[in-house]
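Just below is one structure, and these are the notes that go with it.
Each reported figure results from applying straightforward, stated rules to the coordinates on display, with no laboratory input. Predicted, not measured: the structure shown is a model, and the values here were computed from it. Cβ sites come from the backbone with ideal geometry, for glycine too, and all protein chains shown count toward neighbours.
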Amino acid sequence: MAKKTVTRVWLPTTEAAAELGCSAKYLRENRDTIFKRGTHYRVLNPNAWRPTYRWHVKKIQKLMEA
């Protein structure tokens, strides 16, 4: 029996940057200007000293194409 491949939608910053062909720094620096919270990224632990983000690569790719 073949295994199902699961495609993850929300990726950590470094994986999202690699998938998008940009740097993690680019994502971080443009988080509040280009990207919309809840649509393009989400915060896993907003009250942490160093928050963790997840990025929706497909929605960001659509945004970049426009």
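A P(r) calculated from all alpha carbon pairs of the chain, with 5 Å bins opening at zero, reads 3, 16, 28, 25, 12, 7, 4, 2, 1, 0 percent.
Using θ = phi - 60° in the Karplus curve 6.51 cos²θ - 1.76 cosθ + 1.60, the 3J(HN,Hα) couplings for the range 43-53 round to 9, 7, 9, x, 8, 6, 4, 10, x, 9, 10 Hz; x is entered for Gly and Pro. The modelled label-to-label distance for the pair T39/K25, using points 7 Å beyond Cα in the direction of Cβ, is 2.8 nm. Across the range 23-33, coupling constants 3J(HN,Hα) worked out from phi with the 6.51/-1.76/1.60 Karplus curve, θ = phi - 60°, read 9, 5, 4, 4, 4, 5, 5, 9, 4, 9, 10 Hz, and Gly and Pro carry x. Packing, taken as the mean count of other beta carbons within 10 Å per residue, orders the peptides 53-65, 26-38 from highest to lowest as 53-65, 26-38.
In this structure, the amide hydrogen of Y41, modeled 1.01 Å from its nitrogen in the peptide plane, lies closer than 5 angstrom to those of K36, H56, counting only residues at least 5 positions away or on a different chain.
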